[in-house]
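For reference, the structure discussed in these notes is given below.
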Ligand SMILES: [Zn+2]
C-alpha cells in the first residue's frame, strides 16, 4: 500500500462525512453511496482494486476510519478551511494519512 494519498476533493469529503453521520456531510448519489459501502466492506484484495479506480474516495474513507483526527480533517476539507497542509507549509499535496507531503514522507522513510 502506498503511503501517499491523493488530494481529497471537497465533494468527496462531504460524502464520507455523511456516511459517518458527521456535520458538514451530505448524501451522494446512490452509485457513490454503494461504492463507499463496497470500499468499507472490502477485503484487502478488493480494497486494493477499488483504491486504484477510486483513489480519492478510498483515501477519504481511510482518513475517517484510521486517522484519529480524520473526521476533523474531512470537515476542514468540506468547509474549504483546508486542503490538508503539511507542517512544512506545503498545501499542494498529495498527503499521507499523517498529513505529510510527499517530500516529508520521503525524507522520513
Ligand atoms: Zn512537508
Among residues of segment 70-93 being away from the ligand (no atom under 11 Å from the Cβ) and either modelled with pLDDT under 75 or not in a helix (DSSP H, G or I) (or both), the residue surrounded by the most Cβ atoms within 10 Å (Cβ to Cβ) is 83
Among the helices (runs of 4 or more DSSP H) confined wholly to segment 1-62, which include 1 or more residues that are within 22 Å of residue 105 (Cα to Cα)? 44-53
Exactly one condition in (1) farther than 14 Å from residue 17 by Cβ; (2) without any contact (Cβ under 8 Å) to a residue 12 or more places away in the chain is not met by residue 38; state its number. (2)
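The values are calculated or read from the model by the stated rules, or taken from the named source; none is laboratory data. All values derive from a computational prediction rather than experimental measurement. Quick reminder, even Gly has a Cβ in these numbers, built from the backbone with ideal geometry, and neighbours come from all protein chains shown.
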